[in-house]
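Please treat every number below as a calculation from the coordinates, not as lab data. Computed from a prediction, not measured in an experiment: that's the story for all the values here. Neighbour counts are summed over all protein chains in view; Cβ atoms, including those assigned to glycine, are modelled from backbone coordinates with ideal geometry.
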Amino acid sequence: MKAPIYVRALSPAEKAGIEAGLRSSNAFTLRRSQILLASSREQRPAEIALNLGCATQTVRNTIHAFEQKGLACLKQESSRPKTVQAQFDQAKCESLRAQLHQSPRIFGKATSQWTLQLAAEVCFERGLTVNQVSIETVRQALRRLGVGWQRAKHWITSPDPDYVRKKKRRDALIALAQRCGWEVGYLDEVWWSRVSQPNLHSWSERDEPQRLQELSVDKNDPDPKALAC
């Protein structure tokens, strides 16, 4: 059983400050002021908790907070997490920017596209953060750099040296299709399951026979395979 604790002797200024807290419209300040005054009259924590309808640990926490902070403990601190400032100072924000300018594959990931979750994972794996932060923390870190995630996507560049040329060619085909009423489809990083064979189709030049190759693997092969055509 825990021994009863009491608040230390109050100075006139502290007593006046606590009594002023009894008139506060803030429930947190009011409750702590009631607890401290009751404790100064040598009421036990369990008795105070019973009278005020709170937990005994709440009373103990209030007394300990007053010992550490004095009257400042009557003001409720913001519950907003300080993760961004704690995890990403300006230097680390710049490291995050540099990271997003590179392909995730450089960091051993099986994709070329960044997501906020993936960025958080790599930051932790690199030791940029002491633990894996939330995607909102990464988003806030980007905002400290003056960019939002949607805007950031425009400067996250591809490691492919021919990226710009290929993108222009793709965009030209899309524009041509729109003018001619065609349908254009293109895929990036398509992975097919080995559970069932996909339906394979191919295109060929005019007056040329279709060339279709179906890939298969040994059903007894224990290693997973990604099949493509």
Exercise. Can you find, among Ile48, Gln117, Gln68, the residue farthest towards the positive end of the dipole of segment 29-122? Put +1 on the C-beta of Lys and Arg, -1 on that of Asp and Glu.
Key: Gln117
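Relative contact order (percent) for segment 1-117, with alpha-carbon contacts under 8 angstrom and 6 or more residues of separation? Please list the in-between numbers first.
Values: 85 pairs, mean separation 25.4, N = 117.
In percent, rounded to a whole number, it is 22.
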Quiz prompt | Contour excess over end-to-end distance, with Cα ends at Arg105 and Ala9 and 0.36 nm allotted per residue | solution = 28.2 nm
